[in-house]
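The values are calculated or read from the model by the stated rules, or taken from the named source; none is laboratory data. Everything quoted here is computed from the prediction, not taken from an experiment. Methodologically, a virtual Cβ is constructed for each residue, glycine included, from the backbone with ideal geometry; neighbour enumeration extends over all protein chains shown.
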Amino acid sequence: MLSSRFKYTKGSPAAKAWGILRSLKIQDFPIDPRCIAELLGIVIWERELPDNCDGCLMRVGSASGILINARIRSETRRKFTIAHEIGHYLLENDTDGDQRNTVFEKPSEYGTKENLEKKAYLQSETRANQFAVELLMPTPIFLVDSTSLPLIGLPAINTLASQYGTSFTSTGIHYTRLSNQACAIVFSEAGIIRYFAYSNKFRKNKDCYLVNGQPIPPKALASRFNNEVCIDDEMDEIPLEYWCQPNHSAGKNDKIIEHSRRIPNTKQVITFLHIPN
Ligand SMILES: [Zn+2]
């Protein structure tokens, strides 16, 4: 069951995603978005597109198709792209059936930016991403699975990613945001924090904060990955102030568990931060 902190309004991306799963009677995991596209009458093509374009939704009259970049090697990324485009199709269903409408993922590269306000474009992308997450990892069932695991953090995310057929990144973000623990997941590259997500409990803790674009704090375990190439996996309980500068004196004695792991063959590191109860 959903806890009271997850309330989705009618017409929201989550409600749309759960609604389509329910109406198509899809219950088996991992979800196959290709199958959903087929049931919705959406054709999928693959063509080689520029590297900065994962795919696009095309509408010509009443017909719709999804064009996927054949250069994408990762099956989880392909699946997420198809789910994202189905989101565009269902959330922005064009009422003008005669209008030729192609939604490319990078409008600045394809000259359609003039037709879309940047804010509206970003909102549309956020909603399509939310739809994709909820189509592939519906929160009500994902919560049951994630809370029943005996493990937390990166091992749990690994298990859930296999179960749902989703990428480690998207699974990790979904897992962390839904967690009832004070935790955060940080994606860094070449020693710089590129992106992070956190739980409500982490956000509400005044001593916990992270900043995008900042170097990884020098005492954090993740900083070791830059200097020692042989390190792939590090976990320890460390002072909270290694990652955050606590706002009040009581927080200076707080501890945080850091688990950092290198993404193989890259300079990227995933870090799971967790304040023990
Ligand atoms: Zn999009």
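Would you pick out the residues in segment 244-256 that are modelled with pLDDT of 90 or more and crowded, with 18+ Cβ neighbours inside 10 Å?
Ile256
Residue-by-condition table, conditions (1) more than 16 Å from the ligand (Cβ to nearest atom); (2) farther than 18 Å from Tyr198 by Cβ; (3) in the same structural domain as Val186 (by TED's automatic domain parsing):
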| site | (1), (2), (3) |
| --- | --- |
| Glu125 | no, yes, no |
| Val144 | yes, yes, yes |
| Leu149 | yes, yes, yes |
| Leu154 | yes, no, yes |
| Thr159 | yes, yes, yes |
| Tyr164 | yes, yes, yes |
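If a residue has to be within 21 Å of Leu49 (Cα to Cα), more than 11 Å from the ligand (Cβ to nearest atom) and either modelled with pLDDT of 95 or more or out of contact with any helix residue (DSSP H, G or I) (no Cβ under 7 Å at 6 or more places or on another chain) (or both) to count, how many in segment 99-123 make the cut?
Of the residues in segment 99-123, 8 are within 21 Å of Leu49 (Cα to Cα), more than 11 Å from the ligand (Cβ to nearest atom) and either modelled with pLDDT of 95 or more or out of contact with any helix residue (DSSP H, G or I) (no Cβ under 7 Å at 6 or more places or on another chain) (or both).
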Unmet requirement for Asp96, which otherwise passes all of (1) modelled with pLDDT under 55; (2) closer than 26 Å to Ile26 by Cβ; (3) more than 14 Å from the ligand (Cβ to nearest atom)
(2)
Checked Arg59, Arg71 against criteria (modelled with pLDDT under 90 and of a type in the set (Lys, Arg)); the one match is Arg59
Kindly list, by first and then second residue, each pair from a residue in segment 107-131 that is among the charged types (D, E, K, R) and part of a loop (DSSP other than H, G, I, E, B) to a residue that is within 11 Å of the ligand (Cβ to nearest atom) and modelled with pLDDT of 60 or more, limited to pairs with Cβ atoms under 9 Å and residues at least 6 apart or on different chains.
none
